[in-house]
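**Q** Could you have a look at this structure, given as structure tokens, before my questions?
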Amino acid sequence: MSPTTDRVLVAGASGDTGRELLAVLRPTDLQVRATTRSYADVDALERLGADEVEVVDFFDSADAVRAARNCDIVLCALGTAPSLRHVVGGKLVDRTGVINLVTASVGADVDHFVMQSAIGVGSSKSGMSLPARLLINASLKAKQDAEAAIRRSGLGYTIVRPGKLTDEPPSEIGDILVGEGGDTVSGSIPRADVARVMAAAPFTPEARNRTLEVVSRRGLSGTPSNLVDIDWDRERIGLEHEHVRP
């Protein structure tokens, strides 16, 4: 990543993970553009540290283009709010919105695209119980389609598949477990940890063009496999340089 990169788009900034991303990025010198679907969220996102806030409907490809314009990094935390659409499908931002943003990012010459996906998607389906998968089957398929679009886009990318998200405090150094290959880890992870991993990924060469499953050590379920050793470079985002070990 070039040291001159300075504009980051947080897509879905008004969601829980999006707000954690703003908290991570706030102390840095990075220029942060946040998106929300509601004008009512603008003031709150500015107070959380966003330098710019765009009101965007990612189902509209023109809005996606406007959001990605002049950005070097995209941190995508878009997701469908809890509803029947998780089961029955239909028009889901997890698919259409993310793919529109991927296409816009290609046009904007974005250097690195980071997507929050989920353990349970694609090759990682065994990391989520069958009843849980059935409850959100449509959104899992939508995320799988979005992952595929990212991989074939030509963008530099990191796909982060977290386990069950919690509101617990961030983990201690070394307590984020990273797997690669689908059937690797299962369990839970604080949203704060997911935000730190997503924010660090564009500055970590080892994370480039990889799909990674992440859980916290304290949230781990079962026996992990295919753990990978990633030296997350967090200096650029103002955090201590951490070495996350299997």
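The values are calculated or read from the model by the stated rules, or taken from the named source; none is laboratory data. Being a predicted model, the structure only gives us computed values, none of them experimental. Note: ideal-geometry Cβ built from the backbone for every residue, glycine included; neighbour counts use all protein chains shown.
Per-residue answers, yes or no, for (1) among the basic types (K, R); (2) under 25 Å from L101 (Cα atoms):
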position	(1), (2)
N137	no, yes
G154	no, yes
V160	no, yes
R191	yes, yes
S221	no, no
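**Q** Could you run through the range 98-153 and say how many residues are β-branched (V, I, T), farther than 18 Å from G12 by Cβ and surrounded by fewer than 24 Cβ atoms within 10 Å (Cβ to Cβ)?
**A** 1
**Q** Is the range 202-210 home to any residue that is touching an Asp or Glu at 6+ places or on another chain (Cβ under 8 Å) and closer than 30 Å to K91 by Cα?
**A** There is at least one residue in the range 202-210 that is touching an Asp or Glu at 6+ places or on another chain (Cβ under 8 Å) and closer than 30 Å to K91 by Cα.
**Q** Would you check if V215 is outside any strand (DSSP E or B) and either under 12 Å from the mean Cα position of the chain (by Cα) or buried (at least 22 other Cβ atoms within 10 Å of the Cβ) (or both)?
**A** no
**Q** Mind checking which residues of the range 57-92 are modelled with pLDDT of 95 or more, among the β-branched types (V, I, T) and closer than 30 Å to A132 by Cα?
**A** V74, the sole residue that qualifies.
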